[in-house]
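Participant: Here it is, the structure, as structure tokens.
The values are calculated or read from the model by the stated rules, or taken from the named source; none is laboratory data. Since the structure is predicted, the reported quantities are computational estimates derived from the model, not experimental observations. Please note: Cβ atoms are built from the backbone with ideal geometry, for glycine as well, and neighbour counts cover all protein chains shown. Ligands, DNA and RNA are stripped out before the accessible areas are found, and what is left, the full protein with its side chains, is counted by its heavy atoms. Shrake-Rupley method; radii C 1.70, N 1.55, O 1.52, S 1.80 Å.
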Amino acid sequence: FPVTIMDETNRKEIARKVGLGAVKYQDLLPNRQSDYVFSWDKMLALTGNTAPYLQYQYTRAFKVVRDGGPYDPRSLKGVLPTEPAELALIKHLLHFGLTLEAVGEECRPNYLCNYLYELATLYSRFYENCPVLKSEEPRRTMRLALCDLTARVLKLGLSTLGIDSPEGM
């Protein structure tokens, strides 16, 4: 795989977005009535329920869509998901609106944090088990659409929490 070298300005901007996102997310993640334990190690981890993990999964989905080129979701008429990872991801994506309603009604941003973490985890499982760009049509387009929708929901969810989504990491 070719390695892309980022210039110093891009690296600093990504580091700023990841660092600020990590602090904001860690502050919003716990139930507001729970004790808060500050931990740089936990906050900046690229695994687990952290902003850097969510930002990484966003960049991963965004890159697949970018590399996949334009696609026409209208061509998916009659195409049904069959893989368990596809179905789990689709079902979870359908709950985004309900999650946002609950966050607003109960003033509980931690609901959105947990939703996004589960989405990122399901996307990771999908990414590992369902080849996207090497799939035959129309499955390729369906999976590309799932990557696109996942990236959009992650970006919107993180933005709702006041966290930027870098396009590369």
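Participant: Where does the chain land at 222 nm, in deg cm²/dmol rounded to the nearest 500, when only DSSP H runs of n ≥ 4 count, each adding -39500 (n - 2.57), divided by all residues?
Facilitator: Taking each H run of at least 4 residues, the total per residue is -21000 deg cm²/dmol.
Participant: Can you check what the net charge comes to around VAL65, using other residues whose Cβ is under 14 Å from the Cβ of VAL65 (Lys, Arg +1; Asp, Glu -1)?
Facilitator: +3
Participant: Keeping all protein chains in place, calculate the accessible area per residue for segment 42-91 (probe 1.4 angstrom), answer in Å².
Facilitator: On a per-residue basis, 55 Å².
Participant: Relative to the compact-globule scaling 2.2 N^0.38 Å, provide the ratio for the alpha-carbon radius of gyration of segment 82-141.
Facilitator: Cα-based Rg divided by the globular estimate yields 1.35.
Participant: Could you work out the relative contact order of segment 1-102? I mean the mean sequence separation of Cα pairs under 8 Å and 6+ apart, divided by the number of residues, in percent.
Facilitator: 17 percent
Participant: Could you state the orientation-averaged shadow area of the convex hull built on the Cα atoms of segment 38-86, in nm² to one decimal?
Facilitator: 5.1 nm²
Participant: Please report the base-10 log of the normalised intensity I(q)/I(0) for the chain, using a Debye sum with one equal scatterer per alpha carbon and no solvent, at each q in 0.12 (1/Å).
Facilitator: -0.57
Participant: Moving to a separate point now. At 7 Å along the Cα-to-beta-carbon direction for both ASP35 and ASN129, put a label point, then send me their distance in nm to one decimal.
Facilitator: Distance between label points: 3.7 nm.
Participant: Compute, for the chain, the length of the dipole vector about the Cα centre, with Cβ point charges of +1 (Lys, Arg) and -1 (Asp, Glu) only. Units Debye, rounded to 20.
Facilitator: Its charge dipole is roughly 220 debye.
Participant: Where the accessible area of the chain is counted over protein heavy atoms with a 1.4 Å probe, how much of it, in %, is carbon and sulfur?
Facilitator: Answer for the chain is 57 percent, counting heavy atoms of protein chains only.
Participant: Using a Cα-Cα cut-off of under 25 Å, which lysines could be cross-linked to LYS42, ignoring same-chain neighbours fewer than 8 residues away?
Facilitator: LYS12, LYS17, LYS24, LYS155
Participant: Taking 0.36 nm per residue of sequence separation and subtracting the Cα-Cα distance, how much length would be gained by fully extending the chain between MET6 and THR47, in nm to one decimal?
Facilitator: 12.5 nm
Participant: Packing-wise, with mean Cβ within 10 Å as the measure, how do 141-151, 77-87, 21-31, 125-135 rank, highest first?
Facilitator: In descending order of packing, they fall as 141-151, 21-31, 125-135, 77-87.
Participant: Another question, then. At ALA15 and ASP67, where each label point lies 7 Å from the Cα along Cα→Cβ, what is the point-to-point distance in nanometres?
Facilitator: 2.6 nm
Participant: Taking K and R as +1 and D and E as -1, what net charge do the other residues with C-beta under 15 Å from the C-beta of GLY19 add up to?
Facilitator: Around GLY19, the surrounding residues sum to +2.
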